[in-house]
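Below is one structure, written out as structure tokens; the observations come after it.
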Amino acid sequence: MILCPVCLSEKKKHRFHVPGATVSRCLCCSHSYSHDLQSSPMEVYNEGYFKQDHENWFKYPNYPLFQKIELMITKKYNKKDISILDVGCGNGDFLKFLIKKGFNNLTGIDFSHNEHPVIKFFQGNVFEIKSLFTQKFDVIVTLATVEHVEDVRQFVSILCSLLNPGGLVCIMTLDENALIYRLTRMAKAAGISHGVNRLYDKHHLNHFSQRSLRNLIQVCGDFEILEHDGINFPVPAIDLPKSILNFLYRPMIEFFFFVTDLFKRGRFLQVISFSSCYYRAVHGKNVKKAHFSGTVDQESSIFSICSR
Ligand SMILES: [Zn+2]
């Protein structure tokens with residue numbers, strides 16, 4: 001049975017197919033997710049991943065995002081000796097940025113191998129090697145990772161199990177209601193699938209709107225959401241698949257970033273920070289009943305009907 005990864009409802013509406021996957025929307029909480037994958041969702045995180053497929057993404061780190069998260073951290077902790085974990089740290093760019101800002105208790109985990117004289121790196125899957133951590137952390141950051149995770153409830157649960165009481169979590173992912181997403185879906189309806197196939201790539205299992213990301217956090221425990229905002233990334237960091245239309249796509253994306261930055265709406269990425277009031281363990285999919293503190297918005301009521 002296929003269940004919504006956020007609210008565990010089986011009620012869903014088919015949206016469209018992309019190569020190797022089907023995308024549906026949950027009728028209870030409106031979260032969009034991919035299923036019926038025709039191959040493993042696991043990407044191969046080798047040199048080609050960093051230097052070919054996502055060459056520009058890693059070549060031009062998102063420093064405005066890094067600064068935004070650093071501000072979230074310093075608002076919570078006005079000191080530099082706090083412990084920070086980056087889950088899915090890639091090549092460690094964010095942690096290296098934090099070193100320049102004076103932080104020094106830094107840990108990263110990723111499928112890829114990293115070494116650094118200051119940063120403590122672990123290689124592997126956080127689902128499998130979390131027991132290797134001998135410490136808990138004041139801050140846990142995970143950037144552009146949650147959309148790749150199949151069991152997002154367990155993922156948040158693991159993050160929180162590694163968090164010191166009252167600690168801070170920052171999650172960045174794509175925003176399915178971003179202007180570019182909306183336009184690519186309109187283009188698909190008109191028969192042009194290029195953009196949708198890229199954004200709903202089979203490696204992206206979860207397609208969070210701002211609403212469904214907040215719902216995920218609410219369903220996983222008693223948390224206080226501190227900030228939730230949209231952000232774009234540097235235009236040079238755009239990686240486009242080889243296409244003769246790239247001369248057209250790149251300036252279009254640049255224009256959309258400009259407009260969404262101007263109006264502060266519909267930006268491509270979203271970043272949310274939350275703090276544990278106290279952590280109520282949610283053990284993956286075995287828990288059917290959701291708990292809501294009702295502190296964020298009325299959307300909680302959706303779950304009170306659907307998740308039981
Ligand atoms: Zn749902």
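Quick note: the coordinates plus some simple rules give every number you see, no bench work behind them. Please read these numbers as outputs of a predicted model, since none were measured by experiment. Using ideal geometry, Cβ is built from the backbone for each residue, glycine included, and neighbour counts are taken over all protein chains shown.
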| request: Given a cut-off of 26 Å, name the pairs among LYS120/LYS202; LYS68/LYS188; LYS59/LYS130; LYS76/LYS202; LYS12/LYS130; LYS76/LYS96 whose C-alpha atoms lie farther apart than that in the structure shown. | output: LYS120/LYS202; LYS68/LYS188; LYS59/LYS130; LYS76/LYS202; LYS12/LYS130
| How big is the gap, in Å, between the Cα center of the range 209-224 and the Cα center of the range 102-131? | 26
| Using 1/(1 + (r/R0)^6) with R0 = 41 angstrom and r between the beta carbons of LYS75 and GLU254, what's the FRET efficiency to the nearest 0.05? | 0.85
| field | Cα→Cβ-extended label distance, 7 Å offset, between ILE192 and ASP229, nm | value | 3.2
| query | Given H placed 1.01 Å from N in the peptide plane, which residues other than close sequence neighbours of SER83 have an amide H under 5 Å from its amide H? | reply | ASP138, VAL139
| request: Show which aspartates and glutamates lie in cross-link reach of LYS79 when reach means a straight Cα distance below 14 angstrom and same-chain residues fewer than eight apart are skipped. | output: GLU70, ASP138
| Spin-label model distance (nm) - PHE58 vs LEU37, 7 Å beyond Cα toward Cβ | 2.0
| remark: Expected sort for 140-146, 222-228, 20-26 on mean C-beta neighbours within 10 Å, highest first, is 140-146, 20-26, 222-228
